[in-house]
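Just below is one structure, and these are the notes that go with it.
The values are calculated or read from the model by the stated rules, or taken from the named source; none is laboratory data. Predicted, not measured: the structure shown is a model, and the values here were computed from it. All Cβ positions, even for glycine, are placed from backbone atoms using ideal geometry, and neighbour counts span all protein chains on display.
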Amino acid sequence: MQRVPVVDKDNKPLMPTKCSKARKLVRENKAIGKWNKLGQYYIQLTFEPSGRQTQPIVIGLDPGKKYSGIGVQSSKVTLFTAHLVLPFLPVKKRMEQRAMMRRNRRGRRINRKLAFELRAHRQKRFDNRRNKKVAPSIRANRQLEIRVISELCKVYPISGVVFEYVKADVDLTSGRKKARAGIGFSAVMVGQKWAIEQLSKLATVVKKFGWQTSNLRKHFGLKKQKHSKGDAVPATHAVDGVVLAASQFRDYLPFENSISRGHYWQGIVTITDAPFTVIRRPPISRRQLHLMIPAKGGTRRKYGGTTTPFDIRKGDLVKYKNKLGFCSGYTGKNISVSDFNWKRLGRYAASKVTLIARSTNLICVPEIGGAIGPYDQIENYGRSTLSR
């Protein structure tokens, strides 16, 4: 059974409650229903709760290059799952375009017929040769994951985060991966090290390797979709997030006594149905001060940005008649409205478009029927009796 997040009067997260109890509290004016930036419905109590004891709730994060999976798990129920569409390719493309435009501007400014000391080279403003620099595309990926986890920490009493750790050392001379540490470095490892440092400020971070995630998934009886990794379904990436979170309640741990020693499965956890959400950033172009092709007369046309001549800005959730969508641009007196996949629904007069909510720089699409389970409770030395 699904659970509704609960916060107190001071916005401190408490243990989630059943949907029936949440409806009763709202009906009796003991709680107020609200929505967070991830599209989650939660309630805020208007009275002092009888107790503030909380149970462990863990977030599992399966980071990737194009897609990531997130799962929120307690010992008795799966609370939330998400499929993140990462901005790796758009950021990479825009950084390459920015470098090309900057190179062209400097080429037009500098007279290379002069001696080097007489050229109009700009002096460096700061030392940009810093250590531990995270690539912009990888940094954008990790920032989206951190943003989602920080929003979850506001409605759930999170006790830990399980991070799937990638260990890849690259030989700088050949570019091939090396199994031995200390050969070189990988931009992925630099990015995940920075992400772990940021996540440590929210909760305790535990690292798991990919082979451990695979073993846990097989033990829990869950199946992963190995083909079409871009499909927005729980079986692609969210399932690994749930498995990683469940590893804090049941794991293959060592034991040793006077007779023998070894490993065995310890702990109890239940993986159940859970809400599934697809999260991405709105593909809004940033405001460009320098266009690639100069305009005639020296007047640059406006390109990019979020502002419009109306009260509605790009990325805002709007409504036209019975259609919900996002403001994706404007043309004259009309506003372009796009759906959750950023496909334009049409252009409508600004006077007929109603603002629903301001942009949170996130597009969250709740999917129906995207559950992980249900599965039977897994006892010590037990196995799941229902597989998918």
### Message
Against the definition (surrounded by 11 or more Cβ atoms within 10 Å (Cβ to Cβ) and either at pLDDT below 85 or not aromatic (Phe, Trp, Tyr) (or both)), how does residue 123 come out, yes or no?
### Response
no
#### Entry: The lone exception for residue 61 - which of (1) in the same structural domain as residue 248 (by TED's automatic domain parsing); (2) over 25 Å from residue 142 (Cα atoms) it fails
(2)
### Query
Got a number for residues in segment 340-360 being under 22 Å from residue 84 (Cα atoms), assigned to a strand (DSSP E or B) and not basic (Lys, Arg)?
1
### Message
Within segment 72-85, does at least one residue satisfy the condition of being surrounded by 11 or more Cβ atoms within 10 Å (Cβ to Cβ) and modelled with pLDDT under 90?
### Response
no
### Query
In segment 245-263, what count of residues is obtained for those that are over 18 Å from residue 211 (Cβ atoms) and surrounded by fewer than 17 Cβ atoms within 10 Å (Cβ to Cβ)?
8
### Task
Sort out which residues of segment 224-279 are of a type in the set (S, T, N, Q) and under 21 Å from residue 203 (Cα atoms), and write them in order of number.
247, 248
### Message
Being surrounded by 14 or more Cβ atoms within 10 Å (Cβ to Cβ), under 18 Å from the mean Cα position of the chain (by Cα) and within 29 Å of residue 358 (Cα to Cα): is that true of residue 58 here?
### Response
no
### Query
Which condition breaks for residue 109 when tested against (1) modelled with pLDDT of 90 or more; (2) more than 18 Å from the chain's Cα centre (by Cα)?
(1)
### Task
Report yes if some residue within segment 276-284 is among the polar types (S, T, N, Q), crowded, with 18+ Cβ neighbours inside 10 Å, in contact (Cβ under 8 Å) with a residue 12 or more places away in the chain and assigned to a strand (DSSP E or B); otherwise report no.
yes
### Task
Go through (1) part of a loop (DSSP other than H, G, I, E, B); (2) surrounded by 13 or more Cβ atoms within 10 Å (Cβ to Cβ); (3) in contact (Cβ under 8 Å) with a residue 40 or more places away in the chain one by one and return the number of the condition residue 305 breaks.
(3)
### Query
Considering segment 233-262 alone, what residues qualify as being within 16 Å of residue 279 (Cα to Cα) and assigned to a helix (DSSP H, G or I)?
238, 239, 241
### Qualifying positions in segment 308-332 - modelled with pLDDT under 90 and in a loop (DSSP other than H, G, I, E, B)
321, 322, 332
